[in-house]
Amino acid sequence: MAPIELRIPQPLLERVLAMPRLQKQITAITFDAFLCLASVAISYYLRLGSWIYPADAQALSYLLAVTLALPLFAIFGLYRAIFRHVGAAGIASVVQACAVYGAAYATLFTFIGIETIPRTVGLIQPIIFCALLVGLRALAGYTLGVFHGRPRAGQRRRALIYGAGGAGRQLAAALANSPEMQVVGFVDDDTSFHGHVVNGKPVYPGDRLAALIEQLDIADLLLAIPSASRRRRNEIIEGLLGTSAALHTLPGVTDLARGRVTINDLRELDIEDLLWRDPVPPNGLLLGRNVAGKRVLVTGAGGSIGSELCRQILNLGPSALILVDSSEYNLYAIEAELEQRRRVSGSSVRVTAILASIGDTERMERVLKTWRPETIYHAAAYKHVPLVEHNPGEGVRNNTFGTLTMARAAIDAGVGDFVLISTDKAVRPTNVMGASKRVAELVLQALAAQVRRGSGTKFSMVRFGNVLGSSGSVVPLFRRQIRAGGPVTVTHAEMTRYFMTIPEAAQLVIQAGAMAQGGEVFVLDMGEPVKILELARRMIELSGLTVRDRANPDGDIEIAEVGLRPGEKLYEELLIGDNPEPTIHSRIMKANEAMVPFSRLEEHLDKIQAALDAHDPVRLREELHRLVPEYVPSQAPTTQVPADARIAG
């Protein structure tokens, strides 16, 4: 059945909306006075069975009705409300005002009584009057609201909410007046909801999801099950693939702890939903061991991993948190965010931001001796493979020698624990970035061997794969390309990568550092590697779009293969050897890998430094290969400027 649609002349609506505020209030008062008098007449008709002309005392029932009602309604603020925005709160105010009015009117004409006026009029009239007032305001709100800019139902995107619980119901209420979405029903796994109506919308079983999307012409599926397990969310997502619906999610239970769901809580596909595995659960004891009550310093504090480390460290209650970064903007942004979090939580943690480069030996020595950190998380690095491949000297200076500078300064300052954030690209590297990080690992392994027998700094490394959502990650890139209409670019159809979320990566770093005895390389059991092509396809389909290819030439988004970039390889690895050892954390392993004594390592570092000083990228790659034999240099173009370069005239 087609919905009933009121047809009110457009010029009339335009005139009403254009009226001055005072004129609108006078119009509302006039309508209320008319409805008040009409309700008295109707109450007489219902009591006596015929229409009567008020005479003598009966006229008093009309006069007192208007005299009581209008001042009361003004006191209750009914004439300050904007009719086109009337909602549940506005209707409740009308009912409250009518209740007070009804009590006064019934007292006069029912309980006290006036001759020739039936006592039942004092009870009937307030009920009729209230019904007329509510109906008028609801009608005015709907009509003016639609005309003022709210699209009619047929013009809005039709949506299903997955989850008929508290979060789903709150979301449906928040979307009731949405100009973009029209909620047409709920989907829920709980059989007790099936066949029932929640918030005026039917509830359907979850196993009919794909059919419902097609049958009801659904454009958006809103996932409102914040307490659901990752496994169940993934099952729902898999059922959505291949349909025309775009997926939107609500945050988890922790993020919704404030207890109120709004439209602003809706977001694009959760980063974690792109993983083909459950996130790694943290061990609470390990998280706090090297952080709680201690002075903690984070380098690269404004980067993707560094900033998340800072967030989680702040939650663990250090005595002080020192942020080091060479980017002024990134440092400002993370300091402002942490200060806001600290104020909201009432934390007494002292947060200090230090603008500095890890390559500045004198500056870093002064910083560490001044602030005396007990734990350092070294996240500062250049990590973008093609950029470092084109600028190898800067990559090695920052990633390798910056780490050496920080490690020596940590030893001199008596730092207890030093944790390096490494990468799977350090395993059998094919690019300068990976080779520079592998040399950084060798530096810490060699230094750890020197101090292991004493009570000096404990060095450890944490190696993991790609981080979903970080700067330079494929996920933000794919999202931008999908919004732009494509194509989504992948470098090779067979390329695979290990993936983890930013919170996972930060938690792993903190926990692994807590297990360190000195010199360990920790790696995460990250499950199976993910094919980049499948990730791109998954993101397109979960955006409610289809892939354009030979099998579907009329699809929405094309996936284009653009070829491997300089230094890239098809497959990443986490281990150089094949004999990892388990740790007390079920998903963290300890790698057993060859190290180079510092006396021999220092000779290689001197040669690498000489290549840097000569601005010779070819020689630099050769020296890296001599130290890391598994590194196969690519003949990538470079933007490094030779020392003897001259400006062309």
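Read the figures in this text as sums done on the coordinates, not as results from a lab. This is a predicted model, so every value here is computed, not measured. All Cβ positions, even for glycine, are placed from backbone atoms using ideal geometry, and neighbour counts span all protein chains on display.
Taking amide hydrogens as modeled 1.01 Å from N in the peptide plane, which residues meet the under 5 Å criterion relative to Asn199, leaving out close sequence neighbours?
none
Translational D (Stokes-Einstein, µm²/s) of the stretch 172-222 at 25 °C and 0.890 mPa s when Rh comes from the Kirkwood sum over C-alpha pairs?
My calculation gives 212 µm²/s for D.
Gain in length, Gln517 to Glu602, computed as 0.36 nm per residue apart minus the alpha-carbon separation, to one decimal in nm?
28.3 nm
Percent of alpha carbon pairs in the stretch 284-627 separated by more than 29 Å?
That tail contains 40 percent of the Cα-Cα pairs.
Taking neighbour Cβ counts within 10 Å as the exposure measure, how do Val396, Val134 sort from fewest upward?
The order, fewest Cβ neighbours first, is Val134, Val396.
Calculate one ³J(HN,Hα) per residue across the stretch 602-618 by plugging θ = phi - 60° into the Karplus curve 6.51 cos²θ - 1.76 cosθ + 1.60, and present them in order as whole Hz with x for glycine and proline.
Coupling constants for the stretch 602-618: 5, 4, 5, 5, 5, 5, 5, 5, 5, 5, 5, 4, 7, 6, 10, x, 5 Hz.
In the neighborhood of Arg619, defined by Cβ-to-Cβ distances under 12 Å, what is the net charge if each Lys or Arg adds +1 and each Asp or Glu adds -1?
Values: positive: Lys607, Arg621, Arg626; negative: Asp613, Asp616, Glu622, Glu623.
The answer is -1.
Could you derive backbone 3J(HN,Hα) for the stretch 329-343 from the dihedral phi with the Karplus parameters 6.51, -1.76 and 1.60 (θ = phi - 60°), listing whole Hz in sequence and x where the residue is Gly or Pro?
These are the phi-based 3J(HN,Hα) values: 5, 4, 5, 4, 5, 6, 5, 4, 5, 5, 5, 5, 4, 5, 5 Hz.
As a quick test, which of the pairs Lys437/Lys590; Lys425/Lys458; Lys369/Lys590 have an alpha carbon distance above 20 angstrom in this structure?
Details: Lys437/Lys590 18 Å; Lys425/Lys458 24 Å; Lys369/Lys590 31 Å.
From the list (Lys437/Lys590; Lys425/Lys458; Lys369/Lys590), the Cα-Cα distance tops 20 Å for Lys425/Lys458; Lys369/Lys590.
If each residue of separation counts as 0.36 nm, what is the full-extension length gain between Ala292 and Ala173 once their alpha-carbon separation is subtracted?
My answer for the length gained is 38.7 nm.
By count of other Cβ within 10 Å, fewest leading, how are Leu60, Leu221 ordered? Could the numbers behind the result be given before it?
Values: Leu60 16, Leu221 26.
Ascending number of Cβ neighbours within 10 Å: Leu60, Leu221.
Name the shape class, rounded, prolate or oblate, that the alpha-carbon gyration tensor gives for the stretch 318-469, where a ≥ b ≥ c are the square roots of its eigenvalues, rounded holds for a/c under 1.5, and otherwise prolate holds if a/b is larger than b/c and oblate otherwise.
On the way: a/c = 1.78, a/b = 1.24, b/c = 1.44.
Cα axes put the stretch 318-469 in the oblate bin.
Quote to one decimal, in nm, the extra length available between Glu494 and Asp613 on full extension: 0.36 nm per residue of separation minus the C-alpha distance between them.
Once the chain is fully extended between Glu494 and Asp613, it gains 38.9 nm.
Given H placed 1.01 Å from N in the peptide plane, which residues other than close sequence neighbours of Gln182 have an amide H under 5 Å from its amide H?
Hits under the 5 Å cutoff: Arg157, Arg158, Ala159.
Would you mind checking which residues have amide H under 5 Å from Leu223's amide H? H placed 1.01 Å from N; only 5 or more apart, or other chain.
Tyr162, His248, Thr249, Leu250
Within a 10 angstrom radius of the beta carbon, how do Arg550, Arg372, Arg289 rank from fewest other beta carbons to most?
Arg550, Arg372, Arg289
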